[in-house]
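S.K.: First the structure, then my questions, so here it is.
The values are calculated or read from the model by the stated rules, or taken from the named source; none is laboratory data. In this text, all values refer to a predicted model and were calculated from it rather than measured experimentally. Glycine also receives a Cβ, built like all others from the backbone with ideal geometry; neighbour counts cover every protein chain displayed.
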Amino acid sequence: MGDGLANTAGHFFVTGDPLIIGSDVAIVLVSLGIVFVLTYFKKWKWLWREWLTTVDHKKIAIMYLLAAILMLFRGGVDAELMRTQLALPNMKFLSPEHYDQIFTTHGTIMILFMAMPFIFAMFNAVVPLQIGARDVAFPYLNAISFWLFFFGALLFNLSFVIGGSPDAGWTSYPPLTELQFDPGVGENYYLLALSISGIGTIATGVNFIATIIKMRAPGMTLMKMPLFTWAVLGTCIIILFVFPVLSVALALLLIDRLFGAHFFTMMYGGNPMQFINLFWIWGHPEVYIAVLPAFGIYSEVVSTFSQKKIFGYKSMVASIMAITIIGNLTWVHHFFTMGAGPAVNTFFSISTMAVAIPTGVKVFNWLMTMYRGRITLSLPMMWALAFIPNFALAGATGVWLAEAPTDYQYHNSYFLVAHFHQALIGGVVYGMLAGMYYWWPKMFGFKLKEKYGKWAFWFFNVGFYVCFMPQYILGLMGMQRRMYTYPADMHWTGLNFVSTIGAYLMGIGFLFIAVQIIHSLLHMEKDLTGDPWGGRTLEWALPSPPPHYNFAVIPHVTARDEWWERKRRGEQDAFLPRPEAIHDIHMPKNSGVPFLMGLCFFIAGFGFTFGWMVVGALGLLGVLACLAHRSLDQHPDHDIPAEEVRRTEAALGRL
Amino acid sequence: MAVMMEEVLPKQAGPSRTGDNGPVRLELSTADGATKIFGFWMFLVSDVLLFASLFATYVVIYTHTADGPTAAHLFGHDTAGFLAETLALLTSSFTCGLATWEMHQGRAGRLKMWMGITILLGLVFLGLEITEFRDFVGQGATMQASAFLSGFYTLVGTHGAHVTMGVLWMSLILYQLARFGLNAVTARKFFIVGLYWHFLDIVWVLIFTVVYLTGVM
């Protein structure tokens with residue numbers, strides 16, 4: 001034990017690789033910079049009071065969005081490093097071990113610490129406003145969800161400087177990930193970071209189902225709900241059903257590693273395929289968890305910027321629910337090569353192809369919505385338009401992969417890599433960017449300037465095809481995923497080089513988004529109307545950003561596109577509160593406990609990562625203390641007096 | 001003090017709702033209470049899936065004993081142990097039901113008494129389970145011995161950890177009932193921990209069937 005500790009201490013900080021040392025220096029400098037700025041401008045109190053203790057869904061949304069963009073940057077840098085290594089044969093830019101770590105962190109971060117917070121940013125920013133509610137059902141739990149995500153992400157990213165990153169792929173398959181073959185703390189980081197953020201995700205699922213089922217404004221029946229809210233409902237149902245399965249898969253592997261159990265080992269009767277099944281029972285529906293909110297965003301964007309109601313609303317709802325169910329029945333297509341036999345593989349082939357049907361319905365509905373609409377080519381609409389051909393191609397190659405016999409040829413090749421990047425970038429990232437541009441004025445109160453956004457759009461889109469189309473061909477030529485290099489005589493060089501150029505173009509596109517945000521911050525153009533796009537749903541009836549209680553008076557909903565219908569009839573004023581209709585508003589109080597609970601989880605996770613059971617147990621005791629504190633809190637809510645609400649509304653020019 | 005969130009909940013206004021069949025139960029009498037109970041049902045869905053995954057894993061590996069002790073070897077000789085555990089836990093679910101019934105009659109004293117008995121039975125169950133685990137480990141049947149035993153300790157242990165949480169949680173609610181009396185908030189809190197307790201009972205029935213009875217066969 002003593003030896004083990006001393007040994008661990010020696011390897012505590014990752015040293016030796018110049019890239020990592022450079023990053024260490026950068027991290028220290030940036031952290032010092034942040035501390036300096038906060039101290040110099042006396043912003044510590046502001047940070048604590050306005051952000052770290054907030055339970056307001058609108059502020060939580062902003063924190064999720066910032067985290068998602070930062071993680072997109074980190075995951076993107078990983079991608080650029082990989083593409084640089086693969087640009088030419090026999091490159092020595094990254095060592096094999098370092099390459100393994102980078103493709104692992106790239107995948108894990110992009111799915112769990114970029115896509116997930118991005119969709120949660122959209123959930124939080126939009127759902128309560130769209131359904132006419134003052135917050136989510138459980139605002140305190142919502143803050144806990146955020147801090148569990150945040151500290152999970154922090155734990156994961158810490159691996160890179162302390163102890164070493166995980167290096168067995170984002171899927172972390174045993175027996176490779178068992179202690180015998182993968183000693184060190186990297187995999188423990190992966191397992192614990194994902195477990196912690198996974199608890200937060202389950203809580204978000206519970207929270208938004210309760211919000212959507214229980215908190216809708218009077219008159220908003222289920223079939224009058226905006227399609228984004230429907231998509232969130234479907235997403236949360238999937239979260240509720242599959243995230244616990246991931247938690248179990250991760251926990252069992254962790255028990256193997258920490259306590260020497262034999263769930264997935266090759267010895268003593270362990271069964272590694274059981275992990276792979278559990279992982280994909282979560283992993284495949286996870287794709288729909290990420291893409292359904294994007295579908296919801298496209299529905300809102302296409303309808304708004306075509307100035308038409310959505311075509312086939314009911315079939316859209318039916319498609320969302322069909323995807324929610326069928327998406328849970330396709331997981332085996334990730335390992336047809338397991339050899340489960342023709343009957344099992346046939347079932348999963350057919351169920352996989354079946355998902356294409358509701359998805360196709362949605363694509364045609366978006367096209368029919370645009371047909372004879374008055375289309376405005378704003379940034380959200382451009383991303384939505386670019387999504388359609390992109391995702392159609394992802395769907396087509398997906399159906400190829402779904403054919404079990406031919407899949408034996410493509411399995412784990414660059415054909416697959418190109419396919420899922422096309423689905424996840426063309427489907428999810430485009431959707432999240434469309435949503436970010438669309439709701440940015442609502443979230444922040446100012447618009448993003450279009451100029452640099454259009455540069456970003458074109459660089460990213462052209463870059464996407466240049467990057468990934470060659471990879472389909474490389475896959476068919478036999479190039480396997482996760483290869484850190486390749487020989488010169490395979491005829492792969494040209495296509496790989498082109499692909500790397502595409503990755504750089506996408507990187508430039510991302511930088512343009514960053515420039516666009518900074519430029520718009522410096523030359524702020526405030527959104528004074530609250531409705532900059534000619535929106536259709538309730539959120540556009542509020543000022544940008546809305547006051548923290550959202551609705552001074554809860555509206556009555558009579559139509560699907562309530563705000564649009566009111567505007568059409570010249571009844572916008574119906575949404576302005578009458579002074580006598582304003583009463584005291586009960587709202588939850590801010591609290592620092594969710595932040596502390598996240599911190600306790602972080603301490604527990606860090607302790608268990610290094611096998612320091614005492615530290616881990618102390619962290620968990622801290623979590624229990626936070627839970628007990630909440631249970632004993634007799635005054636978690638407070639009143640906003642009607643007079644204060646009237647003053648706020650008057651200041652907003654709404655009284 | 002009665003929860004003041006109804007303004008956040010536009011669908012159901014006012015603290016004193018009445019249903020079609022007379023007054024609504026205390027725990028459902030505020031919109032906030034009803035939402036929290038609904039939310040807890042949603043959480044239970046996720047907990048069902050958690051146990052479902054553990055059961056599925058157990059069923060896949062329970063014959064993988066790696067020349068170590070088998071289920072029949074461990075449970076076959078001493079059926080009294082797990083029968084006593086079952087009796088304690090099933091009875092505690094019954095007493096928890098009685099507590100709920102007394103709460104609906106507005107009898108806070110008897111509610112607290114039945115809660116206390118439920119907690120005691122939960123502790124008896126935990127004591128028996130810990131003894132059982134200790135005996136098994138003493139016979140060399142450790143978690144590290146085979147995949148079957150890894151699955152056994154993890155599945156049954158996860159249930160035991162839930163019961164431990166339940167005991168701590170119900171004690172905390174009992175304290176609050178004693179301190180603040182029976183009102184819409186404490187009623188809702190007890191009702192939710194009651195749901196949790198009954199859920200653990202159902203999981204135990206499955207463990208009894210899938211782990212112990214199947215093992216003895």
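S.K.: Condition check: among the basic types (Lys, Arg), more than 9 Å from chain B (Cβ to nearest Cβ) and touching a residue at least 24 places away in the same chain (Cβ under 8 Å). Does A:Arg216 satisfy that?
M.R.: On the way: among the basic types (Lys, Arg): yes; more than 9 Å from chain B (Cβ to nearest Cβ): no; touching a residue at least 24 places away in the same chain (Cβ under 8 Å): yes.
So A:Arg216 does not fit the description; no.
S.K.: What tally of residues in region A:565-583 results from selecting those that are more than 36 Å from the chain's Cα centre (by Cα) and either within 11 Å of chain B (Cβ to nearest Cβ) or in contact (Cβ under 8 Å) with a residue 40 or more places away in the chain (or both)?
M.R.: Total satisfying the criteria: 3.
S.K.: Tell me which residues, restricted to region A:336-374, are more than 23 Å from A:Tyr298 (Cα to Cα), out of contact with any helix residue (DSSP H, G or I) (no Cβ under 6 Å at 6 or more places or on another chain) and of a type in the set (Phe, Trp, Tyr).
M.R.: The answer is A:Phe347, and nothing else.
S.K.: Now for a separate question. Can you find, within region B:46-72, the residue that is nearest to B:Val211 (Cα to Cα) among those that are surrounded by fewer than 21 Cβ atoms within 10 Å (Cβ to Cβ) and among the small types (Gly, Ala, Ser)?
M.R.: B:Ala71
S.K.: When you scan region A:619-626, do you find a residue that is under 23 Å from A:Thr54 (Cα atoms), in the same structural domain as A:Lys308 (by TED's automatic domain parsing) and in contact with a Gly (Cβ under 8 Å, 6 or more places away or on another chain), even just one?
M.R.: Looking through region A:619-626, at least one residue is under 23 Å from A:Thr54 (Cα atoms), in the same structural domain as A:Lys308 (by TED's automatic domain parsing) and in contact with a Gly (Cβ under 8 Å, 6 or more places away or on another chain).
S.K.: Let me ask something else about it. Considering A:Lys447, A:Lys442, A:Lys454, which residue is under 30 Å from A:Lys58 (Cβ atoms), touching a Ser or Thr at 6+ places or on another chain (Cβ under 6 Å) and either among the charged types (D, E, K, R) or surrounded by fewer than 17 Cβ atoms within 10 Å (Cβ to Cβ) (or both)?
M.R.: Exactly one of A:Lys447, A:Lys442, A:Lys454 is under 30 Å from A:Lys58 (Cβ atoms), touching a Ser or Thr at 6+ places or on another chain (Cβ under 6 Å) and either among the charged types (D, E, K, R) or surrounded by fewer than 17 Cβ atoms within 10 Å (Cβ to Cβ) (or both), namely A:Lys442.
S.K.: Checking the structure you have, find out if any residue of region B:89-101 is within 30 Å of A:His262 (Cα to Cα), under 19 Å from the mean Cα position of the chain (by Cα) and away from every other protein chain (no Cβ under 14 Å).
M.R.: First, the residues of region B:89-101 that are within 30 Å of A:His262 (Cα to Cα): B:89.
Filter again for under 19 Å from the mean Cα position of the chain (by Cα), leaving B:89.
With away from every other protein chain (no Cβ under 14 Å) added as a condition, the list becomes B:89.
Yes, region B:89-101 has at least one match.
S.K.: Here is a follow-up. Of all the residues that make up region A:605-650, how many are within 23 Å of A:Ser159 (Cα to Cα), without any contact (Cβ under 8 Å) to a residue 24 or more places away in the chain and in a helix (DSSP H, G or I)?
M.R.: 9
S.K.: In addition: Can you find a residue that is free of Cβ contacts under 8 Å to residues at least 60 places away in the same chain, part of a helix (DSSP H, G or I) and surrounded by fewer than 21 Cβ atoms within 10 Å (Cβ to Cβ) anywhere in region A:467-486?
M.R.: Yes, region A:467-486 contains a residue that is free of Cβ contacts under 8 Å to residues at least 60 places away in the same chain, part of a helix (DSSP H, G or I) and surrounded by fewer than 21 Cβ atoms within 10 Å (Cβ to Cβ).
S.K.: Mind telling me which of the residues A:Ile276, A:Ile255 ends up being closer than 24 Å to A:Asn328 by Cβ, within 14 Å of another protein chain (Cβ to nearest Cβ) and of a type in the set (Val, Ile, Thr)?
M.R.: A:Ile276
S.K.: Within the set of pairs 6 or more residues apart or between chains, which connect a residue that is within 14 Å of A:Gly164 (Cβ to Cβ) inside region A:176-188 to a residue that is part of a loop (DSSP other than H, G, I, E, B) and of a type in the set (Val, Ile, Thr) with Cβ atoms less than 7 Å apart?
M.R.: That search, which allows pairs on different chains as well, returns A:Glu187/A:Thr177.
S.K.: When residues of region B:102-152 are filtered for being within 14 Å of chain A (Cβ to nearest Cβ) and within 19 Å of B:Ile202 (Cβ to Cβ), how many remain?
M.R.: So the answer is 0.
S.K.: Also: Here is a list of conditions, (1) surrounded by 15 or more Cβ atoms within 10 Å (Cβ to Cβ); (2) more than 27 Å from B:Met42 (Cβ to Cβ); (3) in contact with a helix residue (DSSP H, G or I) (Cβ under 9 Å, 6 or more places away or on another chain), and B:Gly166 meets all of them except one; can you say which number that is?
M.R.: Unmet condition: (2).
S.K.: Which is in a helix (DSSP H, G or I) and either crowded, with 18+ Cβ neighbours inside 10 Å or within 13 Å of another protein chain (Cβ to nearest Cβ) (or both), of A:Thr204, A:Thr177? Don't jump to the end; show me each part of the working.
M.R.: Numbers: A:Thr177 fails: in a helix (DSSP H, G or I).
Being in a helix (DSSP H, G or I) and either crowded, with 18+ Cβ neighbours inside 10 Å or within 13 Å of another protein chain (Cβ to nearest Cβ) (or both) holds for just one of A:Thr204, A:Thr177, which is A:Thr204.
S.K.: Please enumerate the residues belonging to region A:37-87 that are of a type in the set (Ser, Thr, Tyr), surrounded by 15 or more Cβ atoms within 10 Å (Cβ to Cβ), over 24 Å from A:His638 (Cβ atoms) and over 18 Å from the mean Cα position of the chain (by Cα).
M.R.: Kept after step one, since they are of a type in the set (Ser, Thr, Tyr), are these residues of region A:37-87: A:39-40, A:53-54, A:64, A:84.
After this cut, where a residue has to be surrounded by 15 or more Cβ atoms within 10 Å (Cβ to Cβ) as well, the list is A:53-54, A:64, A:84.
From what is left, the residues that are over 24 Å from A:His638 (Cβ atoms) are A:64, A:84.
Correct list: A:Thr84 only.
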